[in-house]
Amino acid sequence: EADIYQTPRYLVIGTGKKITLECSQTMGHDKMYWYQQDPGMELHLIHYSYGVNSTEKGDLSSESTVSRIRTEHFPLTLESARPSHTSQYLCASSDRDRGNNEQFFGPGTRLTVL
Amino acid sequence: AQSVTQPDIHITVSEGASLELRCNYSYGATPYLFWYVQSPGQGLQLLLKYFSGDTLVQGIKGFEAEFKRSQSSFNLRKPSVHWSDAAEYFCAVGAYNNNDMRFGAGTRLTVKP
């Protein structure tokens, strides 16, 4: 059973608001990821981290930022939300020592920006 | 660059019928292949994975998949579908110690009574 949590599960906010999507995992995984998921589209990697104080941008341009101050925590922040940010955001983690890149996913946050 | 194609956007099968979901990949190195399932409002759950060895892999919930290198395919099968299998299914490809995992666009499965 994967122990990776995301809050909030659903969020509806107005344009221009600052928001932070939370992601925590209790598996001690070094690697963590944020994906953006839209209906009928593949998952797009927007940020990833190899460990504490390591963050990288993924292949999808995103106006969001991330931080990794603790191994278990990988929050994603939007400084000024826009309707184009409306999407489902999935957090995932994997065990670096295993090398096989098998990723465990959280339940997702569905964000709607009005 | 690697990519994954799931040719079928939506499939409908009757309960009790067999199922095959197609997945084709493009990858320059030895691929690691995965099938995930996503129920509405949920994250992705791993069904099965292939890294090496026997090309027919068994997963959870009665699913299996076969890796065919010559066809660059990793199709998912189930001999008898249950109503609870209705969900979105994603195929993914990655490589050893490589952060770059690619997902297909998904196949939505509807199960008729």
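Using the Cβ-Cβ distance between B:D8 and A:L60 with R0 set to 30 Å, the FRET efficiency from 1/(1 + (r/R0)^6) comes to roughly 0.80.
With coordinates expressed along the principal axes, the C-alpha atoms belonging to chain B extend over 42, 29, 22 Å, beginning with the largest.
The three principal axes of the Cα atoms in segment B:61-104 give end-to-end lengths of 36, 23, 15 Å, sorted in falling order.
What shape does segment A:14-55 take by its C-alpha gyration tensor, where a ≥ b ≥ c are the square roots of the eigenvalues and a/c under 1.5 counts as rounded, a/b above b/c as prolate, and the rest as oblate? The partial results should precede the final answer.
Working: a/c = 2.17, a/b = 1.36, b/c = 1.60.
Because a/c hits 1.5 or more and a/b fails to exceed b/c, segment A:14-55 counts as oblate.
Look at the alpha carbon pairs under 8 Å that are at least 6 residues apart: their mean separation over the length of chain A gives a relative contact order of 36 percent. Whole-percent P(r), segment B:21-76, all Cα pairs, 5 Å bins from 0: 4, 18, 31, 23, 14, 7, 3, 0. Work out the FRET efficiency for A:R82 and B:R108 from their Cβ-Cβ distance, taking R0 = 22 Å, and round it to the nearest 0.05. Efficiency for this residue pair is about 0.20. Taken about its Cα centre, chain A carries a charge dipole of about 400 debye when Lys and Arg each add +1 at the Cβ and Asp and Glu each add -1 at the Cβ. P(r) for the protein assembly as shown, from all Cα pairs and a bin width of 10 Å, is 8, 33, 35, 19, 5, 0 %, short bins first.
Look at where the Cα atoms of segment B:68-111 and of segment A:45-114 average out, and the two centres are 22 Å apart. Only lysine pairs 8 or more places apart, or on different chains, with alpha-carbon atoms under 24 angstrom apart are counted in the protein assembly as shown, and they number 11. Note on segment A:49-114: Cα Rg divided by 2.2 N^0.38 Å, N the number of residues, gives 1.22. Placing a label point 7 Å from the Cα of A:I69 along the Cα-to-Cβ direction, the residues of segment A:1-32 whose backbone N falls under 15 Å of that point are A:20-24. Stretching B:W83 away from B:Q58 to a fully extended chain increases their span by 7.0 nm, per 0.36 nm per residue minus the current alpha-carbon distance. Structural descriptor for chain B: relative contact order 37 percent, calculated from alpha carbon pairs under 8 angstrom and at least 6 residues apart. With the charge dipole of chain A set up from +1 on Lys and Arg Cβ and -1 on Asp and Glu Cβ about the Cα centre, the Cα lying farthest toward the positive end among the listed residues A:S64, A:Q6, A:Q25 is that of A:S64. The orientation-averaged projected area of the convex hull spanned by the Cα atoms of chain A comes to 6.8 nm².
Computed from the coordinates by the stated procedures, all read-outs in this text should not be read as laboratory data. Keep in mind that what you see is a predicted model, and the values were worked out from it rather than measured. Ideal geometry is used to build each Cβ from the backbone, glycine not excepted, and the neighbour counts take in all protein chains shown.
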